Amino acid sequence: MELRHLRYFVAVVEEQSFTKAAEKLFIAQPPLSRQIQNLEEELGAQLFERGSRPLRTTTIGRFFYQQAVKLLTNAEEIKLITQRASATERTINIGYGGSLLCGLLPRIVYLYRQQYPHSNINLIELNAIDQIQALKEGRVDACFSRVRVSDLAIKRVLLREEPLIAAVHSSHPLSTQKSISLNNLKDEQIFVYPPSDGQSYATQIKSLFLEYGMEPKRFSTQADLQQSLGMVAAGEGICIVPESVRIMQFRHVNYVKLSDSAAMSPIYLIVRNDDEGELARPLFDCVYQVYDLEAIEYDRRVF
Ligand code: BEZ
């Protein structure tokens, strides 16, 4: 008796039909029936009630089914554990946009390390344009980004959209509101980051105002998230950040919800166009496992 006999038997029981099981297994029905017959002969037991429609298992058949399912599950587990344990040690280089470290990135990396103990992860902070260059040059294998950059050399998958919030000094009248809108912010000094010639988080924030027909005059570009929040803490202006940035606590910085429906920040996983998924798929799995654990809604997508 081989594992494939158990697979055939389980398929027939679950489909309650030789014809449907044969279709599911991509084999013709006569050889399938023969294999089950051989199995019954080898076991010296009748597994199905003759002539029953839909096909019913005998009492001994039900017992055999339960044992077969256990054995097949065990075999699958052994295969997965062995594949993971024997995976050759390798390093995966991941580029990421700064603010993602405030959110789920550390958890995703932790989970990946647990599930692929033979892999090393190297995290490299890179802005959106540099991520593309680093991917092309092979300096990184995958990137997490909030910026939608298009390039023939890469492919990108939207993981989820995260709400944006406003960081406001505690002395500002808006800081105690439950929720505010972009319209409340259009005349404020607005800190954006990072300085970059091309597409960036800063250009995304500016476009967000444009979407609502507003063109604030007082944008000020800062080096990064940390510096922008520092300026907010100094009472110099406001900054629009992803919700996960709430964990960055600065004295006198309050975070306030934005009510505008477009005030969302996409999170993308980006890989080279010729990546067959060998690296991206395990990362994908870890991201979605963390989303499930955190009860975060998402549309599961593939490359
Ligand atoms: C997230 O917050 O959804 C996320 C952060 C970093 C990498 C991937 C996803």
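The values are calculated or read from the model by the stated rules, or taken from the named source; none is laboratory data. Keep in mind the model is a prediction, meaning the values are calculated, not measured. Using ideal geometry, Cβ is built from the backbone for each residue, glycine included, and neighbour counts are taken over all protein chains shown. Heavy atoms of the whole protein, side chains included, go into the accessibility calculation; ligands, DNA and RNA do not. Shrake-Rupley method; radii C 1.70, N 1.55, O 1.52, S 1.80 Å.
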For Phe284, net neighbour charge (Lys/Arg +1, Asp/Glu -1) across residues whose Cβ lies under 10 Å away = +2
Crossing angle, helix 280-293 versus the chain [Cα axis fit, 0-90 degrees, rounded to tens] = 80 degrees
Cα pairs beyond 17 Å in region 201-267, in percent, come to 45 percent
Quick one: which residues, 5 or more positions from Met264 or on another chain, have an amide H under 5 Å from its amide H? H modelled 1.01 Å from N in the peptide plane, none for Pro or chain starts.
-> Leu164
GNM, the chain, Cα, under 10 Å: largest mean-square fluctuation among Val253, Val69, Val287?
-> Val69
Ignoring ligands, DNA and RNA, what percent of the 1.4 Å accessible area of region 90-303 is carbon and sulfur?
-> 47 percent
Which net charge results when you count Lys and Arg as +1 and Asp and Glu as -1 among the other residues whose beta-carbon is under 15 Å from that of Ser200?
-> -2
Might you work out the accessible area of Glu161 for me, using a 1.4 Å probe with all protein chains in place, and round it to the nearest 10 Å²?
-> 90 Å²
Most fluctuating of Leu229, Leu158, Leu47 in the GNM of the chain (C-alpha, under 10 Å) is Leu47
Applied in sequence order to region 242-247, the curve 6.51 cos²θ - 1.76 cosθ + 1.60 (Karplus, θ = phi - 60°) yields integer Hz couplings, x standing for Gly and Pro, of x, 3, 5, 6, 3, 5
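Would you work out what percent of the accessible area of region 3-85, with all protein chains in place, is carbon or sulfur (probe 1.4 Å)?
Values: 3020 of 5500 Å².
Carbon and sulfur together cover 55 percent of it.
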Scalar couplings 3J(HN,Hα) for region 218-235 by Karplus 6.51 cos²θ - 1.76 cosθ + 1.60 (θ = phi - 60°), nearest whole Hz, x for Gly and Pro, are 10, 8, 9, 7, 10, 5, 7, 4, 4, 5, 4, 5, x, 5, 5, 4, 7, x
Summed residue charge, Cβ within 12 Å of Glu14's Cβ, Lys/Arg positive, Asp/Glu negative | +2
Roughly how many Å² of Cys286 are accessible to a 1.4 Å probe, to the nearest 10?
-> 0 Å²
Can you send over the solvent-accessible area of Tyr291, 1.4 Å probe, protein chains only, in Å² to the nearest 10?
-> 10 Å²
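State the extension gain, in nm to one decimal, for the chain segment bounded by Thr221 and Asn74, taking 0.36 nm per residue of separation less the distance between their alpha-carbons. Walk me through the numbers before you get to the answer.
Values: separation 147, 0.36 × 147 = 52.92 nm, distance 5.66 nm.
So the extension gain works out to 47.3 nm.
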The ³J(HN,Hα) series, computed from each phi in region 194-205 with the Karplus coefficients 6.51, -1.76 and 1.60 at θ = phi - 60°, rounded to the nearest Hz and given as x for glycine or proline, is x, x, 7, 6, x, 4, 7, 4, 4, 5, 5, 5
With the contact rule set at Cα under 8 Å and sequence spacing of 6 or more, what percent relative contact order holds for the chain?
-> 20 percent
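Determine the per residue accessible area of the chain with all protein chains present and a 1.4 angstrom probe, expressed in square angstrom. Walk me through the intermediate numbers first.
On the way: 16540 Å² over 303 residues.
Computed with neighbouring chains in place, this is 55 Å² per residue.
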Provide, for the chain, the number of lysine pairs with alpha carbons under 13 Å apart, each pair being eight or more places apart or on different chains.
-> 5
Here, the chain modelled as identical Cα point scatterers in vacuum has Debye log10 I(q)/I(0) at q = 0.07, 0.08, 0.14 Å⁻¹ of -0.45, -0.55, -1.01
